[in-house]
Amino acid sequence: MKDEIADTVRAGRALAAAGLTDMVWGHAAVRDHDGRGVWMKAAGWGFEEVDAERVLLVDRDGEVHHGRGRRHIEFHIHTEIMERRPDVGCVVHTHAPALAAFASLDAELRPISHDAVPFCEPRLPRFAHTGSLIATAELGVALARTLGDARACLMPNHGAVTVGPDAATAVMYAVLLERACRTQLMAMAAGGPRIWSDPAEAEFKDRQVWNSAQREAGWQYLQRLSARSSQP
């Protein structure tokens, strides 16, 4: 339990340090090791405000089994994805403007930067069922099906989700996806893009640039940045 709470706090603080805040909205959830549900911050708090006292254990029915405070209405995002994907230990949901802007375009995310290569294969899907909140189990199931085996899913008129076997991976994918979308938006504004990595190079770069050691290095940087940001 202590590990899951600590990971939830670290995920929130890292997302804040990376600039993926949306006031008190958005959330990261960590799978409970005993199968009781997910650990996520209570509603009403920003990523940078997450601490151990503001983390809840929420089951698939929305019941809170640990912690104080209201749960987020969109807990179904996390519980239904983890129900479908036993390989996923953490789900991140953010509302960064670059995600919403790129998700609104009928455009494929191209590997024009290192940041985009994790989302080339499986190809980055878009969830088209609704742009409203994922407030029911049915919508959570639909989102999980759209995500499939991918590492992320854009949610037009809403935001995006990223997943990973642990908090470090899911958070790093959230950071990389936002940067990749922002970079391609800049290229499109300049009349491109016209050059990007072919599938073979993108696959190689995914292993070379974003292997587990590199993702961990990025995660540790965000932890240090978060620690510095919280100092008086």
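Across 5 Å bins from the origin, how do the percents of Cα pairs in the chain run, short distances first?
1, 7, 15, 20, 21, 17, 11, 5, 2, 1, 0
If you filter the stretch 126-225 for trypsin sites (Lys or Arg not before Pro), then keep DSSP loop positions with at most 16 other Cβ within 10 Å, what is left?
Details: sites: Arg126, Arg145, Arg151, Arg179, Arg182, Arg194, Lys205, Arg207, Arg215, Arg224; in loops: Arg151, Arg194.
Counting only loop positions with at most 16 other Cβ atoms within 10 Å, the trypsin sites (Lys or Arg not before Pro) in the stretch 126-225 are Arg194.
To the nearest 20 debye, what charge dipole does the chain have about its Cα centre, counting +1 at the Cβ of each Lys and Arg and -1 at the Cβ of each Asp and Glu?
Values: 26 positive and 30 negative charges, 92 e Å.
For this selection, approximately 440 debye.
Please give the Cα centre distance for the stretch 34-57 versus the stretch 1-30, rounded to the nearest Å.
So the separation of the two Cα centres works out to 8 Å.
Give me the accessible area per residue for the chain, probe 1.4 Å, as a whole number in Å². Don't skip to the answer; put the middle values down first.
On the way: 11030 Å² over 232 residues.
Roughly 48 Å² per residue, with all protein chains present.
Where in the stretch 75-153 are there GluC sites (Glu not before Pro) that are in a DSSP coil and have at most 16 other Cβ atoms within 10 angstrom of their Cβ?
Numbers: sites: Glu80, Glu83, Glu108, Glu138; in loops: Glu108.
Taking the stretch 75-153 and a limit of 16 other Cβ atoms within 10 Å, the loop GluC sites (Glu not before Pro) found are Glu108.
When the Kirkwood radius is taken over all Cα pairs of the stretch 90-157, what Stokes-Einstein diffusion coefficient follows at 37 °C and 0.692 mPa s, in µm²/s? The partial results should precede the final answer.
Values: Rh = 12.7 Å.
Roughly 258 µm²/s, to the nearest whole number.
Based on DSSP H runs of at least 4 residues, each adding -39500 (n - 2.57), what is the mean residue ellipticity at 222 nm of the chain after dividing by all its residues, to the nearest 500 deg cm²/dmol? Write out the running numbers ahead of the final one.
Working: 7 runs with 96 residues, N = 232.
Value at 222 nm, helices only: -13500 deg cm²/dmol.
Starting from the exponent 0.38 and prefactor 2.2 Å, build the expected Rg for the stretch 120-198 from its residue count and divide its actual Cα Rg by it. Display every interim value, and only then the final one.
Numbers: Rg = 13.9 Å, N = 79, 2.2 N^0.38 = 11.6 Å.
Taking the Cα Rg and dividing by 2.2 N^0.38 Å, one obtains 1.20.
Say R0 is 22 Å: what FRET efficiency, to the nearest 0.05, do Arg123 and His95 get from their beta-carbon distance? List each step's numbers first, then the result.
Working: r = 22 Å, r/R0 = 1.02.
Taking R0 as 22 Å, the efficiency between Arg123 and His95 is 0.45.
Along the charge dipole of the chain, pointing to its positive end and built from +1/-1 on Cβ of Lys, Arg, Asp and Glu, which listed residue (Ala190, Thr162, Gly140) has its Cα farthest out?
The residue sitting farthest along the positive end of the dipole is Ala190.
The values are calculated or read from the model by the stated rules, or taken from the named source; none is laboratory data. Bear in mind that the values here come from a model prediction, so they are computed numbers and not experimental data. As a convention, Cβ positions derive from the backbone with ideal geometry for all residues, glycine included, and neighbour counts pool all protein chains shown. SASA here: full protein model, heavy atoms, side chains in, ligands and nucleic acids out. Shrake-Rupley method; radii C 1.70, N 1.55, O 1.52, S 1.80 Å.
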